[in-house]
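Q: If you scroll down you'll find the structure; I have some questions about it.
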Amino acid sequence: VQRGDIIAFYSNEYYNKGAFYRAVTTFLYTISFTLIDIPSLTKHYDSSVYVKRVVGVPGDKIKFRLINDEVILTINGMPEKEIIPKEYQIVSENRFNSKLLTTMIIQNEYILKENEYYVLGDNRICSSDSRIWGSVKKEQILGKVIFKYWPLDSFGVAK
């Protein structure tokens, strides 16, 4: 997993329920031929599986800065776009549209430990991501996202 990759991973709450719980709910979901997500009947979070972009890898220092009213993500002191080589579009945050802009997020620096990844949604204004629930452990990662199929008019390679 590298900076800029899009990954699918288990939410912290779902992952912490244990391998047996995940195996049973996946089995029930698969044999029921339904779109009903079995854990959604009892969970208190948005999703069992998230899809987000990796912006920080083990050892990275993540910090948000407010520069000219725009929220800038820095990785090891450098702006995100100078560190991540992949082309992708983000809906950027500023002082006026950010729902997560607080003194805490601007002041704190997050240092990733071994086997930890910092993930953000490309729609930074509305994304539930590492800014809220912290890093993602390597064991939670299901894999890299290669294709997207929804909405149908966006079918193709994930960028």
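Q: In nm, to one decimal, how far is the Trp150 label point from the Asn76 one, both placed 7 Å along Cα→Cβ?
A: Spacing of the two 7 Å Cα→Cβ label points: 3.7 nm.
Q: Considering only protein heavy atoms, what is the solvent-accessible area of Leu152 at a probe of 1.4 Å, reported in Å² to the nearest 10?
A: 120
Q: So, one more: To the nearest 20 Debye, how big is the dipole of the chain about its Cα centre, given +1 on the beta carbon of each Lys and Arg and -1 on that of each Asp and Glu?
A: Once rounded to the nearest 20, the dipole reads 160 debye.
Q: Another question, then. Report the accessible area of Ser135, computed with a 1.4 Å probe over the heavy atoms of all protein chains in place, in Å² rounded to the nearest 10.
A: 10
Q: Let me ask you something else. Just to confirm my numbers, what's the Cα centroid distance between the range 133-157 and the range 50-107 in Å?
A: Taking the Cα centre of each part, the range 133-157 and the range 50-107 sit 19 Å apart.
Q: Calculate, for Lys138 and Asn68, the FRET efficiency according to 1/(1 + (r/R0)^6) with r their C-beta to C-beta distance and R0 25 Å; round to the nearest 0.05.
A: The pair Lys138/Asn68 has a calculated efficiency of 0.10.
Q: Taking H placed 1.01 Å from N in the peptide plane, check which residues at least 5 places from Val55 or on another chain put their amide H under 5 Å from its amide H.
A: Here the answer is Gly4, Tyr118, Val119, Leu120, since their amide H atoms fall under 5 Å of that of Val55.
Q: Counting just the Cα atoms, what span does the range 82-126 cover along each of its three principal axes? Round to the nearest Å and put the largest first.
A: 34, 28, 19
Q: Please give the per residue accessible area of the chain, computed with a probe of 1.4 Å over protein heavy atoms only, in Å².
A: 62
Q: Give the relative contact order (percent, whole number) for the chain; include only Cα pairs under 8 Å separated by 6+ residues.
A: 29
Q: Hey, what D do you get for the range 50-94 in µm²/s if you plug the Kirkwood alpha-carbon radius into Stokes-Einstein at 20 °C and 1.002 mPa s?
A: D, rounded to a whole number, is 187 µm²/s.
Q: Just from its helices, what would the mean residue ellipticity at 222 nm be for the chain, if runs of 4 or more DSSP H residues each count -39500 (n - 2.57) and the sum is divided by every residue, rounded to the nearest 500 deg cm²/dmol?
A: So the helix-based figure for the chain works out to -4500 deg cm²/dmol.
Q: Mind giving me the FRET efficiency for Asp122 and Tyr21? R0 is 22 Å, r the Cβ-Cβ distance, nearest 0.05 is fine.
A: Calculated value: 0.15.
Q: How large, in percent, is the carbon and sulfur part of the accessible surface of the range 99-153 at a probe radius of 1.4 Å?
A: Carbon with sulfur: 58 percent of the solvent-accessible area.
Q: Roughly how tilted is helix 19-31, in degrees to the nearest 10 and between 0 and 90, from the longest Cα axis of the chain?
A: 60
Q: To continue, here is another question. Using 0.36 nm times the number of residues separating Val51 and Asn115, minus their current alpha carbon distance, what extension gain do you get?
A: 21.2 nm
Q: Follow-up question, since we're still on this one. Taking amide H atoms as placed 1.01 Å from N in the peptide plane, list the residues 5 or more away in sequence, or in a different chain, whose amide H sits under 5 Å from that of Ser11.
A: Counting only residues 5 or more places away or on other chains, the set is Val49, Tyr50.
Q: Something else about it: Convert each backbone phi in the range 77-88 into a coupling constant with the Karplus relation 6.51 cos²θ - 1.76 cosθ + 1.60 (shift: θ = phi - 60°), then list the ³J(HN,Hα) values in order as whole Hz, x for Gly and Pro.
A: Values per residue, Gly and Pro as x: x, 10, x, 3, 5, 8, 9, 8, x, 6, 7, 7 Hz.
Q: HN-Hα J couplings of the range 144-159 from phi, Karplus 6.51/-1.76/1.60, θ = phi - 60°, integer Hz, Gly and Pro as x?
A: 7, 8, 10, 10, 10, 10, 9, x, 4, 6, 10, 4, x, 6, 6, 10
The values are calculated or read from the model by the stated rules, or taken from the named source; none is laboratory data. Everything quoted here is computed from the prediction, not taken from an experiment. Glycine also receives a Cβ, built like all others from the backbone with ideal geometry; neighbour counts cover every protein chain displayed. The accessibility values were calculated without ligands, DNA or RNA, using every heavy atom of the protein model including side chains. Shrake-Rupley method; radii C 1.70, N 1.55, O 1.52, S 1.80 Å.
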